[in-house]
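Enquirer: Before anything else, here's the structure in question.
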Amino acid sequence: GAGVSQTPSNKVTEKGKYVELRCDPISGHTALYWYRQSLGQGPEFLIYFQGTGAADDSGLPNDRFFAVRPEGSVSTLKIQRTERGDSAVYLCASSLAPDSRGGYTFGSGTRLTVV
Amino acid sequence: AQKITQTQPGMFVQEKEAVTLDCTYDTSDQSYGLFWYKQPSSGEMIFLIYQGSYDEQNATEGRYSLNFQKARKSANLVISASQLGDSAMYFCALNTGGFKTIFGAGTRLFVKA
């Protein structure tokens, strides 16, 4: 597609449930990132994929968070046993390279609300 | 450790005037890149401008320019001839050639008619 697509745009879930957030990057972008943005703050790095592999997952807050990118395109961020503190906007971005001078192209985000 | 600091939570500017949004950074790396992004109320982050640490000229992109002062570790964004559509959150970001780009807390810009 022309841009980075994220689905769903909004997700409300009950505490303790499992959720999956999907990201479809720009075709040909091998670098894919997940960020989390809490209200009034800047995006916080979660994980970076180069192709199919997670090159840097140092931002994942704990082992309830996991992400995959099995074919090097679409990525899924998975959150187990959701907690109210997980409520945030989850942003996905892609680029040709991690230090691209052209910056990242971001999706519109998934707003996750845990009740 | 890398760090980005944006000290202005909110800024007001009159339409058609110029405005400067401040950004300071901290890194021990010699090679790095600085970015500015705009986030309108719709939520999507939009890349505006890039400055490499070895670039000799300050970056410019249309009405956006970056006032890069390497010794002071500052990378301020200048928006000339502000428009109502410039009202948004603005984020400064740093990449040191690694995998992650880190973002500041942002500055909310309000353009007054």
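Enquirer: Specify the residue that is modelled with the lowest pLDDT; the eligible residues are those in segment A:10-54 that are under 30 Å from B:Q8 (Cβ atoms) and part of a loop (DSSP other than H, G, I, E, B).
Expert: Within segment A:10-54, the match that is modelled with the lowest pLDDT is A:G40.
Enquirer: Read through the list (1) surrounded by 13 or more Cβ atoms within 10 Å (Cβ to Cβ); (2) free of Cβ contacts under 8 Å to residues at least 60 places away in the same chain, then give the number of the only condition that B:Q39 fails.
Expert: (2)
Enquirer: Shifting gears a bit: Since A:R69 meets every condition but one in (1) within 25 Å of B:T96 (Cβ to Cβ); (2) open to solvent by 10 Å² or more (accessible area, probe 1.4 Å); (3) more than 13 Å from every other protein chain (Cβ to nearest Cβ), which condition does it not meet?
Expert: Tallying (1) within 25 Å of B:T96 (Cβ to Cβ); (2) open to solvent by 10 Å² or more (accessible area, probe 1.4 Å); (3) more than 13 Å from every other protein chain (Cβ to nearest Cβ), A:R69 fails exactly one: (2).
Here's the yes/no breakdown for (1) in contact with a helix residue (DSSP H, G or I) (Cβ under 9 Å, 6 or more places away or on another chain); (2) closer than 14 Å to B:C23 by Cβ; (3) modelled with pLDDT under 95:
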| residue | (1), (2), (3) |
| --- | --- |
| B:A75 | no, yes, no |
| B:I79 | yes, yes, no |
| B:S87 | no, no, no |
| B:N95 | no, yes, yes |
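Enquirer: Taking A:E83 as meeting all but one of (1) of a type in the set (D, E, K, R); (2) free of Cβ contacts under 8 Å to residues at least 60 places away in the same chain; (3) away from chain B (no Cβ under 14 Å), write down the number of the exception.
Expert: Condition not satisfied by A:E83: (2).
Enquirer: Let me ask you something else. Given the conditions (1) facing chain A (nearest Cβ under 9 Å); (2) open to solvent by less than 40 Å² (accessible area, probe 1.4 Å), and given that B:Y64 satisfies all but one, which numbered condition is not satisfied?
Expert: Here B:Y64 clears every test but (1).
Enquirer: Now a separate question. Where the second residue is acidic (D, E) and the first is open to solvent by 20 Å² or more (accessible area, probe 1.4 Å) and lies in segment A:30-56, which pairs have Cβ atoms under 6 Å and are six or more apart or on separate chains?
Expert: A:R36/A:E44
The values are calculated or read from the model by the stated rules, or taken from the named source; none is laboratory data. Computed from a prediction, not measured in an experiment: that's the story for all the values here. FYI the Cβ positions are ideal-geometry reconstructions off the backbone, even for glycines, and counts take in every protein chain you see. The protein model used for the area step is the full one, side chains on, heavy atoms only, and it has no ligands, DNA or RNA in it. Shrake-Rupley method; radii C 1.70, N 1.55, O 1.52, S 1.80 Å.
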